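Structure first, commentary second.
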Amino acid sequence: MDTYRTDDIIYALATGWVRSALAVIRISGKGCIARFAPVFTASQKLLSAQNGTLVYGEVKEIDQVVVSVYRDGHGYTGEEALEISCHGSLVGIQKLLDMCGRLGFRQAGRGEFTYRAFAHGRMDLTQAEAVEELVDSMSDKGQSQALGRLKGSLKMKLAEVRKRFLQAMAAIEVQLDYSEDEIGEDLTFPMDKLDSAIEALGTIHDSYNAGRLYSQGARIVLAGPSNAGKSSLFNYFLKEERSIVSAQKGTTRDFIEAMCTIRGIPIRLYDTAGFRDLSESEIEEEGIRRSRNLVEGADIILYLVDSTDLLEIDRTVVQDPRCIPVLNKVDLKDSNLEGFLKLSVATGLGFNELCDRIYEKLTSDIAQSDDGSIVIENERQRENLARAMASLRSAKLAVESELPLDIVSMDIQEALEALGELTGEVTTDDILDRIFSSFCVGK
């Protein structure tokens, strides 16, 4: 894996390729300070700068910059490193990047800085994945959970569980290595260690749906007949005028999407063309077709009908378990429909109740967790936890069935291997490629 070699100096732009007030260029690798020093002019010598020092100076004929100095073992990557904070001129940034290339530094690959942090023992794979999860977080809770994993909450919990595996393995090894006469009759298999390990791993495994919900969010589609108030409700959620609102039917010809937050959950919200059988144009027909496709992939369907016009109701959609039927415009006519939530976008009546219903529907099937509990959102981690639990359950069954201890030992070893893959103690180039190739360059 040449991309992930660690014996050279790498560089990359760590901030976005956009005109901005400031930009940051990362450089990492043994000898990078000495290699960079000749092109940097400052009152303080870069070569003598202590770890953690900020040095203000000039990169010859390019820009005035601040250089952050990290001596070997102290930087993000666990090796000697520099971070150049420069002005956010795209021309200046490109000149600095070109200069790094001329100095013989190599352009970093995706996630290569974080890979080096992993390779040098600064973090395990769960922490490395948390870097990307933190950057991609879409809610306060998702951000907080990712930060906890980056700080090592999952790593420490798994280390604690692993000790229970090893205690069980130690008991087996004693019984395999010595005769019953030598160890006596008091030595029993520590089944409680297996039970507690299975329970601990199960709690983390079952947190996945909650983790995904707060990190990736949910898709909510506003659907229903034309002129039922979908665009008005869309705007009400966003607290801005994004969709055109008109009394004329068929105003929305294509779907509009936007992000919002409902009860702390990130939501991708879709306003769609109104459902009706007879359309006046091919364009509107296409919009209706796209709307129905969106409904198919929605986590929640908010199906709106107009309380003053109850003739057009699609009962198939209303009966969908993902659907929350909404009777809108009750300020104009206080109608009643069984199972429909009453709403007036014009006055705000029923909006809080609607948000409560959305939250309840999204969280009804997920394990609830305390603020301090460990939550995962990563499919690779969930699969490894499932493998470990399956192996431990197999070991438990083997003990209960009085099968040979060699078989019990093999099951526990498989569980240890699954945990090792999760944390990176046991890994392959393929796993590392899949993890770090999804990162941005500069991370």
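Rule-based calculations on the coordinates, nothing more; no lab input. A quick note: this is a predicted structure, and the numbers were derived from the prediction, not measured. All Cβ positions, even for glycine, are placed from backbone atoms using ideal geometry, and neighbour counts span all protein chains on display.
The value of relative contact order for the chain, using C-alpha pairs under 8 Å at least six residues apart, is 16 percent.
The 3J(HN,Hα) values that the Karplus relation (6.51, -1.76, 1.60; θ = phi - 60°) gives for segment 354-364 are, in residue order, 4, 4, 4, 5, 4, 4, 4, 5, 6, 9, 5 Hz. Gly and Pro appear as x.
Diffusion coefficient (Stokes-Einstein, Kirkwood radius over C-alpha pairs, 4 °C, 1.567 mPa s) for segment 2-123: 90 µm²/s, rounded to a whole number. Here's the list of lysines a cross-link from Lys151 could span, going by alpha-carbon distance under 18 Å and ignoring same-chain residues fewer than 8 apart: Lys141, Lys443. Net charge near Arg122, counting Lys/Arg +1 and Asp/Glu -1 over other residues with Cβ under 11 Å of its Cβ? Value of the local net charge: -1.
Take the Cα of Arg315, step 7 Å toward its Cβ, do the same at Cys440, and the gap between the two points is 5.2 nm. Here's the list of lysines a cross-link from Lys95 could span, going by alpha-carbon distance under 16 Å and ignoring same-chain residues fewer than 8 apart: Lys60. Stretching Gln107 away from Ala159 to a fully extended chain increases their span by 15.2 nm, per 0.36 nm per residue minus the current alpha-carbon distance. Each eigenvalue of the Cα gyration tensor of the chain, multiplied by 5 and square-rooted, gives one semi-axis; in descending order these are 49, 40, 16 Å. Springs between Cα atoms under 10 Å define the GNM used for the chain, and in it the highest mean-square fluctuation of Asp411, Asp271, Asp430 occurs at Asp430. Within the shell of other residues whose beta carbon sits under 12 angstrom from the beta carbon of Arg164, the net charge comes to 0, with Lys and Arg scored +1 and Asp and Glu -1.
List the residues whose amide H sits under 5 Å from the amide H of Asp8, counting only those 5 or more places along or on another chain, with H placed 1.01 Å from N in the peptide plane. Result for Asp8 returns nothing. Taking trypsin sites (Lys or Arg not before Pro) across segment 123-164, the ones in a DSSP loop with at most 13 further Cβ atoms lying within 10 angstrom of their Cβ are Lys151. Add +1 for every Lys or Arg and -1 for every Asp or Glu among the other residues with Cβ under 12 Å from the Cβ of Glu414, and state the total. Local net charge: -1. Computed per residue of the chain from DSSP H runs no shorter than four, each worth -39500 (n - 2.57), the mean residue ellipticity at 222 nm is -13500 deg cm²/dmol. Since only Ile204, Gln94, Ala14 are under comparison, the one whose Cα sits farthest along the positive direction of the charge dipole of the chain, derived from C-beta charges on Lys, Arg, Asp and Glu, is Gln94.
I want to verify the translational diffusion coefficient of segment 297-443 in µm²/s; compute it with Stokes-Einstein, Rh as the Kirkwood radius over Cα pairs, at 4 °C and 1.567 mPa s.
Details: Rh = 20.5 Å.
Here the translational diffusion coefficient equals 63 µm²/s.
For the chain, the Cβ-based charge dipole about the Cα centre amounts to some 2220 debye (Lys, Arg positive; Asp, Glu negative; other atoms uncharged).
Near the amide H of Cys323, under 5 Å away, which other amide H atoms are found, from residues 5 or more places off or on another chain, if H is placed in the peptide plane? When sequence neighbours closer than 5 places are left aside, the close amide H contacts are Ile301. Taking the DSSP bridge list for the chain and keeping only pairs wholly inside it, about 65 percent are antiparallel.
Order of 299-312, 328-341 by packing, highest average Cβ count within 10 Å first? The partial results should precede the final answer.
Values: 299-312: 19.4, 328-341: 15.6.
Descending mean neighbour count gives 299-312, 328-341.
The lysines within cross-link reach of Lys342, meaning a Cα-to-Cα straight distance under 21 Å and a gap of 8 or more places when in the same chain, are Lys230, Lys239, Lys329, Lys333, Lys361.
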